[in-house]
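All remarks here apply to the structure that follows.
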Amino acid sequence: MIAVIDRYFDACQHESIPVLKVINPEESFQTWNSELNNPTLSLRDLFSKIIENSTHLHHPGYVGHQVATAHPLSLLSDMVASLLNNGMAVYEMGQVSVAMEKAICERIGRLMGWDHQAGGIFTSGGSLANLTALLAARERYSKGKYWEEGYYQAPDLAVMVSSESHYCISRAAKIMGLGQRGMILLPVNNKFQTDIDQMEACYQAAVERGQEVFAFVANSGSTATGSYDALVPIGEFCKKHNIWLHIDGAHGGAVVFSEHHRVLLQGSSQADSITIDFHKLLQCSILCTSLVFKSIQDSYHTFAQGAQYLFYEPTDEWFQVGKRTFECTKTMMVLKAYTLLHQLGEKALGANVEQQYQLAQDFSDYLIQTGVFKIACPPQSNIVCFRYVPDDVPVEQIDQLNAKIREHLVLEGNYYIVQTTIQGSYYFRTALMNPHTTLAHLKKLAHHIISLKYLIS
Ligand SMILES: *Cc1c(COP(=O)(O)O)cnc(C)c1O
């Protein structure tokens, strides 16, 4: 198996395998269903075939979704985690990982500018972390009333969110019974950051409708364009109205480890909680997400059983993490985050973020220089959204041209890029995650896109 993995790394680096070999869903189902019913492959061939038919994030042409190119140490940590299989629901089933979670969350708390009361948990993905944070916010606001009595006589609650927020925020609000009405969508400026000049008016309009705003979700950075909201004015606004500020840093919260880019989180000390995915910019395999609270006390409110939260003495039972996570059995996901921090150090994790952010800047500069590409906005992180706009193609055909080019690129298998719609127009979206992707690869991609103009004629 080690030989198979070794060959895989080698093939990716030398681009001797496609980044992705597109297979239609029916054909893929046929293959794996028939193999299940009539096994023909040896274990070695089974693993090889799985690898061959999957998407290769270690390939330098992988510049698609914002999923980490997992560090080899993450892979090894996962093997240890699977071997031990400590489920973490109760302390005796996870003595090591429970302690590691506390240590890392407290470290993040310090980097956020919070005091010794900060702490948190690891949970299965940014979506679940954001839901967990909003539940904690609501319980603190309502003093447990919602959790116990449901919505029957409840006030009309609402959460303020950027219109660029990840769809999981809308899901969380709806799971919590707030409905669409309970989502106050804030407009964004031309950099896709929450427009701070409109927060107050949106808030007042909600109050006039009879709503009570209990939480604000800020993006650090947003999913489509990687834009960072201005946390200083947002923090002041939340303080003024006594609103819980949650930072959705699933993607860009990783800058907490970068001395150079931590400034993007300026104002974070005023926030109440932050989500950071280690499986995005921090080189861990999925899933690995930290949710850190300014006051660990708040995290005990989230899933309080009975009115127990009232009596909780967090210092007594910090090690029973299962009481504070949605999961009962949970993977030892923290092992990989801990191993990377331990073996590589905070600086190295930060340096990787800096490298990707710089690459995005360089790529964006290059695209502008060519004169035939338009970028959605200057990159604030490792995400670059751009479209090909050659002079001699009619405006109304530009969307179609770009869509055709992407389809062609993905089928060719040298690059994997994704698309997004920005202000009604089709854009390519690249998230630069891979330490092996260089500016030379990206320039080649740009040239290749230009060479595909014929697809429209
Ligand atoms: C990726 C992302 C999420 C969702 O996180 P998962 O780990 O995929 O569940 C939420 N918010 C933002 C801003 C993201 O980029």
- [ ] Any chance you could give the angle, 0 to 90 degrees and rounded to 10, that helix 231-241 forms with the longest Cα principal axis of the chain?
- [x] 30
TODO: Please report, in debye to the nearest 20, how large the charge dipole of the chain is about its Cα centre when each Lys and Arg carries +1 at its beta carbon and each Asp and Glu carries -1 there.
DONE: 100
Open item on the list: Using the Cα centre of the chain as origin and beta-carbon charges of +1 (Lys, Arg) and -1 (Asp, Glu), tell me which of Ser77, Phe386, Ser124 is placed farthest towards the positive end of the dipole.
Closed with: Phe386
Task: Size of electric dipole in segment 1-45: Cβ of Lys, Arg +1 and of Asp, Glu -1, about Cα centre, debye, nearest 20 - done: 80
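What whole-number volume per residue, in cubic angstrom, does the convex hull of the C-alpha atoms of the chain give?
On the way: hull volume 77.0 nm³, N = 457.
Spelled out: Cα convex hull of the chain, divided by residues, is 169 Å³.
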Open item on the list: With θ taken as phi - 60° and the coefficients 6.51, -1.76 and 1.60, list the Karplus ³J(HN,Hα) couplings across segment 23-34 in order, rounded to whole Hz; mark glycine and proline as x.
Closed with: 10, 6, x, 5, 5, 4, 5, 3, 4, 7, 6, 6
TODO: Any chance you could look up the accessible area of His65 with a 1.4 Å probe, heavy atoms only, rounded to 10 Å²?
DONE: 90
TODO: Work out the length of the dipole vector of segment 77-344 about its Cα centre, built from +1 on the beta-carbon of each Lys and Arg and -1 on the beta-carbon of each Asp and Glu, and round it to the nearest 20 debye.
DONE: 240
Task: Prolate/oblate/rounded call for segment 316-457, Cα gyration tensor, a/c under 1.5 rounded - done: prolate
TODO: Would you mind pulling out the separation of the Cα centroids of segment 1-59 and segment 150-219, in Å?
DONE: 43
Task: Cross-link pairs beyond the 27 Å C-alpha cut-off, checked among Lys347/Lys374; Lys374/Lys444; Lys174/Lys336; Lys145/Lys336; Lys191/Lys443; Lys336/Lys444 - done: Lys347/Lys374; Lys174/Lys336; Lys145/Lys336; Lys336/Lys444
Task: Listed peptides 39-47, 225-233, 191-199 by packing density, highest first (mean Cβ within 10 Å) - done: 225-233, 191-199, 39-47
Task: Loop-located GluC sites (Glu not before Pro) in segment 206-298, at most 14 other Cβ atoms within 10 Å (DSSP) - done: Glu259
Task: For segment 77-344, accessible area per residue (1.4 Å probe, heavy atoms of protein chains only), Å² - done: 41
TODO: Two decimals is fine: what is log10 I(q)/I(0) at q = 0.15, 0.16, 0.21 Å⁻¹ for segment 254-401, from a Debye sum with one equal scatterer on every Cα and no solvent?
DONE: -0.93, -0.99, -1.29
Task: For segment 77-344: rounded, prolate or oblate by the Cα gyration tensor [a/c cutoff 1.5] - done: oblate
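The values are calculated or read from the model by the stated rules, or taken from the named source; none is laboratory data. Remember, predicted model here, so these are calculated numbers, not experimental data. Cβ: placed from backbone, ideal geometry, glycine included. Neighbour counts: every protein chain shown. We work out accessible area using only protein heavy atoms, side chains counted, and drop any ligands, DNA or RNA first. Shrake-Rupley method; radii C 1.70, N 1.55, O 1.52, S 1.80 Å.
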